[in-house]
Amino acid sequence: MLEVKDVVKSFKTGDHTIKPVNGVSFSVEQGTFAAILGKSGSGKSTLLSLLGALDKATSGDVLVDGVNISQLPDSKLTAYRRDDIGFVFQQYNLIPNLSAKENVMLPMEFAGVSRAERSARAVELLSQVELAEETHDRKANKLSGGQQQRVSIARALANRPKLILADEPTGNLDDETGELIIELLRSLCQEKNTTILVVTHDQALARKTNRRFRLARGKITEITQG
Ligand SMILES: Nc1ncnc2c1ncn2[C@@H]1O[C@H](COP(=O)(O)OP(=O)(O)OP(=O)(O)O)[C@@H](O)[C@H]1O
Ligand SMILES: [Mg+2]
């Protein structure tokens, strides 16, 4: 269960302060596939980074299975990010001079998985996102945008996280590949009880989720129709 309670994030820019997240509260049961919609600049990426403990909220609480991550010491946060969260960044954030496969292996290395197991799982994950085998050893900075996006999804799944936070995971994919990724995410929710929050403008993706939320003017509301 993910519970978000009155979370605020403010940024100071020059002499004024903006609050893209200004009192966001919602909760989702474990195993939910949820979408967050909203205009460009409405604070979607900011909210995801707070849920993934990549940034600290100005105020409010984020509880994951009852544990308040807003109050965890840094050492515990590192473990939370490594073991419990899979993050798909809007700009992928792959390590440019590592290969596709090495990027997927990296989080498993941090988690202490043996080299043989890391290698086998990386190959399995890359084939699940249908990255052609001849591309596995290509450096990330030599991959196309859509290929990088798929590597970043495979990397997010590496440590079998219980919560996946994905920022526009189909944003750079053709319809067919996008559909493949949507089905992959859906099956993780259904079969592994993974909770998935996707930020998306992709209607095909939003339609496949269990719940849809809209972020506007710093607040989140659930979309109950359409
Ligand atoms: N580190 C920061 N410092 C100052 N302002 C920031 C920072 N990060 C984000 N913002 C501002 O907060 C607002 C929300 O940004 P955010 O990236 O969360 O939007 P978004 O909904 O993800 O947009 P998009 O759909 O274009 O990705 C924007 O006005 C942005 O300029
Ligand atoms: Mg964004």
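The values are calculated or read from the model by the stated rules, or taken from the named source; none is laboratory data. Treat the numbers as computed from the prediction; the structure is a model and nothing was measured. Please note: Cβ atoms are built from the backbone with ideal geometry, for glycine as well, and neighbour counts cover all protein chains shown. With ligands, DNA and RNA removed, areas are computed over all heavy atoms of the protein, side chains included. Shrake-Rupley method; radii C 1.70, N 1.55, O 1.52, S 1.80 Å.
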P(r) for the chain, please, calculated from all Cα pair distances in 5 Å bins and given in %. 1, 7, 15, 19, 20, 16, 12, 7, 3, 0, 0
Please work out the Kirkwood hydrodynamic radius for the range 98-158, using every pair of different C-alpha atoms, and report it in angstroms with one decimal place. 11.0 Å
Can you tell me the accessible area per residue over the range 98-158, all protein chains present, probe 1.4 angstrom, in square angstrom? 46 Å²
The chain - percent relative contact order, Cα under 8 Å, separation 6 or more: 29 percent
Just to confirm a number: summing +1 for Lys and Arg and -1 for Asp and Glu over residues other than Phe26 whose beta-carbon lies under 14 angstrom from that of Phe26, what do you get? +1
Mean Cβ neighbour count within 10 Å, used as a protection proxy, ranking 70-79, 147-156, 202-211, 49-58 highest first: 147-156, 49-58, 202-211, 70-79
Two decimals is fine: what is log10 I(q)/I(0) at q = 0.15, 0.28 Å⁻¹ for the range 17-69, from a Debye sum with one equal scatterer on every Cα and no solvent? -0.45, -1.44
Phe87, Phe33, ranked by accessible area, largest first (probe 1.4 Å): Phe87, Phe33
In the structure displayed, which of Lys5/Lys39; Lys101/Lys142; Lys5/Lys44; Lys44/Lys139; Lys19/Lys219 lie more than 19 Å apart, Cα to Cα? Lys5/Lys39; Lys44/Lys139
Of the accessible area of the range 98-158, with the probe set at 1.4 angstrom, what percent is carbon plus sulfur? 45 percent
Å² of accessible area per residue within the range 1-89, as computed with a 1.4 Å probe and no ligands counted: 47 Å²
Longest to shortest principal axis, alpha-carbon extents of the range 27-121, angstrom: 41, 31, 26
Quick one: Cα centre-to-centre distance for the range 168-226 and the range 77-117, in angstrom? 22 Å
